[in-house]
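Engineer: Please read through the structure below; I'll follow up with questions.
The values are calculated or read from the model by the stated rules, or taken from the named source; none is laboratory data. Quick caveat, the model's predicted, so the values are computed rather than measured. FYI the Cβ positions are ideal-geometry reconstructions off the backbone, even for glycines, and counts take in every protein chain you see. Quick note on the areas: whole protein, heavy atoms, side chains included, nothing else; ligands and nucleic acids left out. Shrake-Rupley method; radii C 1.70, N 1.55, O 1.52, S 1.80 Å.
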6 protein chains.
Amino acid sequence: MRLAYLVPAPISLSMGTDEVERRRAVLRGLAGPGTTLDLVEAAEGPASIESALEEYLSVPGAAREVERLEAEGYDGAVLGCAGDPGLDALREVAERLVIVGPGEASFLMASTLGRRFAVLTPAESTVGPTYDQVHRSGLRDRLAGVRSVEIPVLAMRDDRRATLARVEQAARRALDEDGADVLVLGCMSLAFLRADVELAEATGVPVVNPLLAAVKFLEALVSAGLHHSKRAFPRPPKLAHGAGVASLLLRTGA
Amino acid sequence: MRLAYLVPAPISLSMGTDEVERRRAVLRGLAGPGTTLDLVEAAEGPASIESALEEYLSVPGAAREVERLEAEGYDGAVLGCAGDPGLDALREVAERLVIVGPGEASFLMASTLGRRFAVLTPAESTVGPTYDQVHRSGLRDRLAGVRSVEIPVLAMRDDRRATLARVEQAARRALDEDGADVLVLGCMSLAFLRADVELAEATGVPVVNPLLAAVKFLEALVSAGLHHSKRAFPRPPKLAHGAGVASLLLRTGA
Amino acid sequence: MRLAYLVPAPISLSMGTDEVERRRAVLRGLAGPGTTLDLVEAAEGPASIESALEEYLSVPGAAREVERLEAEGYDGAVLGCAGDPGLDALREVAERLVIVGPGEASFLMASTLGRRFAVLTPAESTVGPTYDQVHRSGLRDRLAGVRSVEIPVLAMRDDRRATLARVEQAARRALDEDGADVLVLGCMSLAFLRADVELAEATGVPVVNPLLAAVKFLEALVSAGLHHSKRAFPRPPKLAHGAGVASLLLRTGA
Amino acid sequence: MRLAYLVPAPISLSMGTDEVERRRAVLRGLAGPGTTLDLVEAAEGPASIESALEEYLSVPGAAREVERLEAEGYDGAVLGCAGDPGLDALREVAERLVIVGPGEASFLMASTLGRRFAVLTPAESTVGPTYDQVHRSGLRDRLAGVRSVEIPVLAMRDDRRATLARVEQAARRALDEDGADVLVLGCMSLAFLRADVELAEATGVPVVNPLLAAVKFLEALVSAGLHHSKRAFPRPPKLAHGAGVASLLLRTGA
Amino acid sequence: MRLAYLVPAPISLSMGTDEVERRRAVLRGLAGPGTTLDLVEAAEGPASIESALEEYLSVPGAAREVERLEAEGYDGAVLGCAGDPGLDALREVAERLVIVGPGEASFLMASTLGRRFAVLTPAESTVGPTYDQVHRSGLRDRLAGVRSVEIPVLAMRDDRRATLARVEQAARRALDEDGADVLVLGCMSLAFLRADVELAEATGVPVVNPLLAAVKFLEALVSAGLHHSKRAFPRPPKLAHGAGVASLLLRTGA
Amino acid sequence: MRLAYLVPAPISLSMGTDEVERRRAVLRGLAGPGTTLDLVEAAEGPASIESALEEYLSVPGAAREVERLEAEGYDGAVLGCAGDPGLDALREVAERLVIVGPGEASFLMASTLGRRFAVLTPAESTVGPTYDQVHRSGLRDRLAGVRSVEIPVLAMRDDRRATLARVEQAARRALDEDGADVLVLGCMSLAFLRADVELAEATGVPVVNPLLAAVKFLEALVSAGLHHSKRAFPRPPKLAHGAGVASLLLRTGA
């Protein structure tokens, strides 16, 4: 099975190719037997996603990339952002390609591992949008709460140890004050740091890593032969006769 | 008070300047005493919005326009699409500008005019997203149902009479089968056609026109001196030091 | 447009005509251009409303006043109590008159200004009924919490400064402990004190004043040409042939 | 135990004393061993309750009657209207008297007899308020639907047979189209006609008679030694020092 | 009326016949005039119920006992466990026998005594299942919270005073932190200790004892002539022709 | 990875060893590379599961089998019944073994393939329990409806073609009347018949087969290194010191 990890921005420009290579290696380690999992970058997108605005800005580039992945025969793609920006739109574009959001996949897995899960997000400003995201997934009755780690996404890699300490602090509040019994990492940078390993050990509860959750959930859907419902996510009418996503945008003066 | 009706695409290119002028005239007729209401077009956006994908594609251009409106001292803006695309992102960009979505404003007004309202959407493919939109507004317990009119948006103006007949047909099902007691037009083209007038007469129930609802709701918010909560819609961190929306996008090869 | 602020009790008897005149002046300052806004008092009602019982006791007098306002050609009325007592009954009585409740109008406006709003009520005993009221409005998913100011309504005017201090204290708990991002004053006495101005400044979040919210929301509905659905609020059958509200009551002996 | 069936209006004036005597006899037949169950009429109230307005108009008279019943040492009272008007206010007035609403008691019993119950109401105009009433009871997830019998309350006694036929017709739709497995009579006139007996036989599902449900539920609460929570239904502050309900009303010109 | 208190295990073996006799005496004191209330023990079941597993293990024995009670002409049975294990299955087995669960009966009564009730459970491990149980009852909107008493069920009788102190402690948190206005004892051992009496006195709010609630609610259903809906709880097809519950189990090697 | 398909009854006795061998072969075809998937039968359980009662009766045998699987070093088990009977209890017993219910796994997968899914159940009597099951999964907002196929489970294999015709009929109603956009087979016999293949072709929407869904979801959880939360599903206290499930049952005389 041929899968892609689709980063909705040219992060080689912002994070550097070293970090992108490191992430490629992590991804290679995750793919199951018989699966290839390529990191691909959209040609256009925000440097990082820390607001609703940047979520929207990431969609046009990702949609064009979905078009390309489908043309090249990929079976599925993981959207490379824990906020799952534009998942419905990307599924409209795809005809056969199965697209999984790390947030949604994590919530679905977390819901069956316990009774009530909590999500740990990078910043106070992403707490509200994360509540909205869980509501969209249909699982709000299973949400214990959302807690902020309060570390800038870019600073996370600099001091892994300090990051883990902050994550554990937020986790303790989720467990003790919100009554959570499962934890979800709500950020792909924490996911690539594999913060789940130490956190599960420290807290004794399962910790869902959105990267693993999404890759494994995608493998499950593809190997079960399932595709998104085109009744739910119909192809945009203007794309009917071979027109591409890029053709949908009008521009003045340009 | 100085308000804008912000169309999230250069529709002069797609609909022609005659239709845009006609709409300008309609808008001038709606503004209350002491209010100016200008139609403004984003420099970039989809020809029309008939899918989730096109909703997302409309946001980058609209966000830049919000930036400009605020710089020019506008008090408020109505987003010119019944699906309210990117409302949260636009509110993040704005510091003082109040931004109203026609869908949300209509649902809020409809909720107080009766017990359960129905929304009439252009096509079967917009039924699902409209349910999602009502859920986002928090008012799903007040929703009787969503019914599709089944007319392409572009064909609506061609035969006003046929359009009204289809709208009334959908309305009857909403009233008789779904138990609605208030109707909402879920499409700006129906709004500019003023389909609400005949429909209210034919059915005997209130019909909310999203254009009127949004303009009047916006006037209400602005004259009450209210602004969006920056705690709920914080300014994206990367825009902190005078950077503009356009600076957020990275592009390869550029 | 001709509007009334309908106090559901003869408060000139309880509060004195000076305070009533002061409130008339406040109201005159709120009306938009082309709007008259008269304070009218029902001939019968409770001295003040601090319990569910007093809410019910206010309805018979208010219903008769609605009858009179409609006969005199008023376009709309704001019900003068933040608890919105008997809103459904008053809408049954009215044929064309649009009636807005300050509580409901505030919740609707608050819901669009942020993600989750909190209501500040006068006393612990009104906390429960306020939860019920938000549920009736359909917006319980957007409610962060209800916090009590713990000042007797009658004492509020005596020491404006002390009142504001208590209001701010309750507001801080709503923001810090309940996660609210918008505040609503749940009391008309706080509204006439204009406690919203200082509170918005102190907290940095929008504060909805139910008096402004109701008047502006009513102006919006009337200028949009909307009326309540008689399918939702049908005229009571016994009032069909010209009978008035007063004729509905049987009395033994008396 | 000493119980009252409190009719919130002087129905001897509207229905005649013969019908009232007939109802007294029915009530005597319902009381369990050791229980007295008296029919009492409020001194003021609407001839019958067919609208939200009349529900409110019934509360002031009922509240004064609750005061009297408590003074006379009654243990509990059934409110004599299936819409449960003013239940919260009456519970505020009572110190020890337990007050049961026939609607609420029926919904609670119905919820344990099956999975989803339907309510049969007299008229189309009471369908909406009945949905609201079930929501207030907290049991909306257990409601299959509300169906209207479409017979004026006053005409029900005239032709018992025709009435039962209409009731059965509505019941069939509730069972076949709404998926109900338990039925509730939503009207005290149907209750006093004992329409439940034939309906249960005809349909094969349990039919809750609100009169029986309320009397038996009240006996259960009283014999379990339970009272309403004064934390939930606090005594109105103005009634603190021996003042009665009647003292709460101000009147101009009086 | 002939009622049984059905203990879903042979507790004479685990608790001793003295304690069973003491419980028989308590039950005799609860039955209303004209009611007999026998304690019966299933021939098979867990020593006590402190986990979901033990709830399931209690059902086969209880189902066979229901069969016997119905054959002997009983009118109703209270299931002797506050978790209501297998209530739906037992109602499938019964043709006429009315079966009440102490948990469900308590929640239904509590819901009408206030606005929001809290449940006090024996251990932290029963908190989650109790949330689930309230959700199943349909009343989750009326639940303030679940608080654990943290005493092993078997130790409760040893030191009644210490037990009451722990119960009161948990109750205070439910009232002060969760905003409850009614309390429910979530454990039959607390019920047989009559912990409700002192707790109601100490806290000033109603305390629902599941034993009293269930017995009185069952008396109410039976004397109202109501039975469970066989449409909701159909007889298992394999039991159609006189086959008994015991015949449903296949065993290898047997 | 070593997985089991745990049938909660000795179905070799009821279905015959031929059918069991056929199912073993189907299972072998489903396991991914590196996975073994054994069919194991509990030593005790009902011949088939067509009622809530039989669901409960299946749990004791399944719990003992879980104990054995864990002792033998299995990594995970699929519970072999679409109703997921006793899933919480089995997870209490397991220390490391991951247990997936086919119903829950199907609902979780279906929720991400579209907006609203429908479940097709064997009989009218399983419609109600299936609604309950979806509610327990937390996904009721995503459920379009439950439709019954109306074929006895045992008759399904006899005429595959007739069965498929009935399944398609039920599916059409779910799509046309309930607005579903994804279908779920709610029965393991339909799953082993692979009714999903033709149904997906005939209807054009994705059809989730609970057997594939469960196996693939289990592989995903195990390969992601996740386990159930012991905070949510604590080990029953009486099993703490090496005691086994069988020790929990007391029996009189016999």
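Engineer: F:LYS238 - would you say it is of a type in the set (Lys, Arg), in contact with a helix residue (DSSP H, G or I) (Cβ under 8 Å, 6 or more places away or on another chain) and within 26 Å of E:ALA47 (Cα to Cα)?
Structural biologist: yes
Engineer: Then there's this: Taking B:SER229 and the conditions (1) open to solvent by 10 Å² or more (accessible area, probe 1.4 Å); (2) within 22 Å of B:LEU6 (Cα to Cα); (3) of a type in the set (Gly, Ala, Ser); (4) assigned to a loop (DSSP other than H, G, I, E, B), which numbered condition does it fall short on, given that it satisfies the others?
Structural biologist: So B:SER229 meets the others, but not (1).
Engineer: Just give me the residues in the range B:65-84 being of a type outside the set (A, V, I, L, M, F, W, C) and open to solvent by less than 10 Å² (accessible area, probe 1.4 Å), in sequence order.
Structural biologist: Within the range B:65-84, the subset of a type outside the set (A, V, I, L, M, F, W, C) is B:65, B:67-68, B:70, B:72-76, B:80, B:83-84.
Once the filter is applied, which keeps residues that are of a type outside the set (A, V, I, L, M, F, W, C) and open to solvent by less than 10 Å² (accessible area, probe 1.4 Å), the range B:65-84 yields only B:GLY76.
Engineer: Something else now. Check the range F:85-98 and report whether any residue there is out of contact with any Leu (no Cβ under 9 Å at 6 or more places or on another chain) and open to solvent by 40 Å² or more (accessible area, probe 1.4 Å).
Structural biologist: Scanning the range F:85-98 turns up at least one residue that is out of contact with any Leu (no Cβ under 9 Å at 6 or more places or on another chain) and open to solvent by 40 Å² or more (accessible area, probe 1.4 Å).
Engineer: Among the listed residues F:ASP196, F:ASP159, which satisfies the condition of being assigned by TED's automatic domain parsing to the domain that holds F:ARG116, in contact with a strand residue (DSSP E or B) (Cβ under 8 Å, 6 or more places away or on another chain) and acidic (Asp, Glu)?
Structural biologist: On the way: F:ASP159 fails: in contact with a strand residue (DSSP E or B) (Cβ under 8 Å, 6 or more places away or on another chain).
The conditions single out F:ASP196.
Engineer: Report yes if some residue within the range A:45-57 is within 17 Å of B:GLY253 (Cβ to Cβ) and in contact with a Gly (Cβ under 7 Å, 6 or more places away or on another chain); otherwise report no.
Structural biologist: yes
Engineer: With E:ALA220, E:ALA243, E:ALA171, E:ALA213 as the choices, which residue is over 30 Å from D:LEU30 (Cβ atoms) and either part of a helix (DSSP H, G or I) or in contact with a Ser or Thr (Cβ under 9 Å, 6 or more places away or on another chain) (or both)?
Structural biologist: Working: E:ALA220 fails: over 30 Å from D:LEU30 (Cβ atoms); E:ALA243 fails: either part of a helix (DSSP H, G or I) or in contact with a Ser or Thr (Cβ under 9 Å, 6 or more places away or on another chain) (or both); E:ALA213 fails: over 30 Å from D:LEU30 (Cβ atoms).
After applying the criteria, what remains is E:ALA171.
Engineer: Hey, another quick one. Going through the range F:96-132 one residue at a time, which ones are within 30 Å of F:ARG68 (Cβ to Cβ) and in contact with a Phe, Trp or Tyr (Cβ under 8 Å, 6 or more places away or on another chain)?
Structural biologist: Once the filter is applied, which keeps residues that are within 30 Å of F:ARG68 (Cβ to Cβ) and in contact with a Phe, Trp or Tyr (Cβ under 8 Å, 6 or more places away or on another chain), the range F:96-132 yields F:LEU97, F:VAL100, F:ALA105, F:PHE107, F:LEU108, F:MET109.
Engineer: Hey, another quick one. Taking only the range C:134-168 into account, find how many residues are within 21 Å of the chain's Cα centre (by Cα), within 16 Å of C:ALA123 (Cβ to Cβ) and not in a loop (DSSP other than H, G, I, E, B).
Structural biologist: Adding up the residues that qualify gives 9.
Engineer: Could you pull out the residue among C:THR121, C:THR112, C:THR163 that is buried (at least 24 other Cβ atoms within 10 Å of the Cβ) and more than 30 Å from B:VAL205 (Cβ to Cβ)? Before the answer, list the steps.
Structural biologist: Details: C:THR112 fails: more than 30 Å from B:VAL205 (Cβ to Cβ); C:THR163 fails: buried (at least 24 other Cβ atoms within 10 Å of the Cβ).
Selected residue: C:THR121, the only one of C:THR121, C:THR112, C:THR163 that is buried (at least 24 other Cβ atoms within 10 Å of the Cβ) and more than 30 Å from B:VAL205 (Cβ to Cβ).
Engineer: Can you confirm whether the range D:175-187 contains a residue that is in a helix (DSSP H, G or I) and modelled with pLDDT under 95?
Structural biologist: Start the filter on the range D:175-187 by keeping residues that are in a helix (DSSP H, G or I), which leaves D:175-176.
Filter once more, so that each one left must be modelled with pLDDT under 95: D:176.
The answer is yes; a qualifying residue exists.
Engineer: Return a yes/no flag: does the range A:5-25 have any residue that is open to solvent by 20 Å² or more (accessible area, probe 1.4 Å), in contact (Cβ under 8 Å) with a residue 60 or more places away in the chain and either within 13 Å of chain B (Cβ to nearest Cβ) or closer than 22 Å to A:ALA240 by Cβ (or both).
Structural biologist: no
Engineer: Okay, moving on. Taking E:LEU190 as meeting all but one of (1) more than 20 Å from D:LYS216 (Cα to Cα); (2) buried (at least 23 other Cβ atoms within 10 Å of the Cβ); (3) more than 9 Å from chain D (Cβ to nearest Cβ); (4) at pLDDT 95 or above, write down the number of the exception.
Structural biologist: With (1) more than 20 Å from D:LYS216 (Cα to Cα); (2) buried (at least 23 other Cβ atoms within 10 Å of the Cβ); (3) more than 9 Å from chain D (Cβ to nearest Cβ); (4) at pLDDT 95 or above applied to E:LEU190, the lone miss is (4).
Engineer: Right, here's the next one. Within the range D:76-98, is there a residue that is of a type outside the set (Ser, Thr, Tyr), over 30 Å from E:PHE107 (Cα atoms) and within 17 Å of the chain's Cα centre (by Cα)? Reasoning before the result, please.
Structural biologist: First pass over the range D:76-98, keeping only residues of a type outside the set (Ser, Thr, Tyr): D:76-98.
Subset that is over 30 Å from E:PHE107 (Cα atoms): none.
For the range D:76-98, residues of a type outside the set (Ser, Thr, Tyr), over 30 Å from E:PHE107 (Cα atoms) and within 17 Å of the chain's Cα centre (by Cα): absent.
Engineer: Could you list all residues from the range A:1-10 that are within 28 Å of A:GLY34 (Cβ to Cβ) and not charged (D, E, K, R)?
Structural biologist: First pass over the range A:1-10, keeping only residues within 28 Å of A:GLY34 (Cβ to Cβ): A:1-8.
Once the filter is applied, which keeps residues that are within 28 Å of A:GLY34 (Cβ to Cβ) and not charged (D, E, K, R), the range A:1-10 yields A:MET1, A:LEU3, A:ALA4, A:TYR5, A:LEU6, A:VAL7, A:PRO8.
Engineer: While we're looking at this one, here's another question. Which one of these is within 25 Å of F:VAL59 (Cα to Cα) and open to solvent by less than 10 Å² (accessible area, probe 1.4 Å): F:ALA213, F:ALA174? Full working, then the answer.
Structural biologist: Working: F:ALA174 fails: within 25 Å of F:VAL59 (Cα to Cα).
Within the list F:ALA213, F:ALA174, the selection yields F:ALA213.
Engineer: Further, regarding this structure: Take A:ASP132 and tell me if it is open to solvent by 10 Å² or more (accessible area, probe 1.4 Å) and more than 9 Å from chain F (Cβ to nearest Cβ).
Structural biologist: On the way: open to solvent by 10 Å² or more (accessible area, probe 1.4 Å): yes; more than 9 Å from chain F (Cβ to nearest Cβ): yes.
For A:ASP132, the condition - open to solvent by 10 Å² or more (accessible area, probe 1.4 Å) and more than 9 Å from chain F (Cβ to nearest Cβ) - is met.
Engineer: So, in the range D:26-54, exactly how many residues are without any contact (Cβ under 8 Å) to a residue 60 or more places away in the chain, at the interface with another protein chain (Cβ under 9 Å from one of its Cβ atoms) and open to solvent by 10 Å² or more (accessible area, probe 1.4 Å)?
Structural biologist: So the answer is 6.
Engineer: Of the numbered conditions (1) in contact with a strand residue (DSSP E or B) (Cβ under 8 Å, 6 or more places away or on another chain); (2) open to solvent by 30 Å² or more (accessible area, probe 1.4 Å); (3) of a type outside the set (A, V, I, L, M), D:THR203 satisfies every one except a single condition; which is it?
Structural biologist: Result: D:THR203 fails condition (2) only.
Engineer: Please determine, by comparing only the residues of the range C:112-162 that are touching a residue at least 40 places away in the same chain (Cβ under 8 Å) and small (Gly, Ala, Ser), which one is nearest to B:ARG96 (Cα to Cα).
Structural biologist: C:GLY114
Engineer: Follow-up. Return the only residue of D:ALA195, D:ALA202, D:ALA191, D:ALA214 being of a type in the set (Gly, Ala, Ser) and farther than 18 Å from D:THR121 by Cβ.
Structural biologist: Numbers: D:ALA195 fails: farther than 18 Å from D:THR121 by Cβ; D:ALA191 fails: farther than 18 Å from D:THR121 by Cβ; D:ALA214 fails: farther than 18 Å from D:THR121 by Cβ.
Residue meeting the stated conditions: D:ALA202.
Engineer: Then there is this: Restricting attention to the range F:196-254, report how many residues are farther than 18 Å from F:VAL78 by Cβ, of a type in the set (S, T, N, Q) and within 7 Å of chain A (Cβ to nearest Cβ). Steps first, answer last, please.
Structural biologist: Initially, the range F:196-254 is screened for residues farther than 18 Å from F:VAL78 by Cβ, giving F:197-207, F:225, F:229-232, F:234-254.
Now narrow it down to the ones that are of a type in the set (S, T, N, Q): F:203, F:229, F:247, F:252.
Adding the requirement that they be within 7 Å of chain A (Cβ to nearest Cβ) leaves F:229.
Selection size over the range F:196-254: 1.
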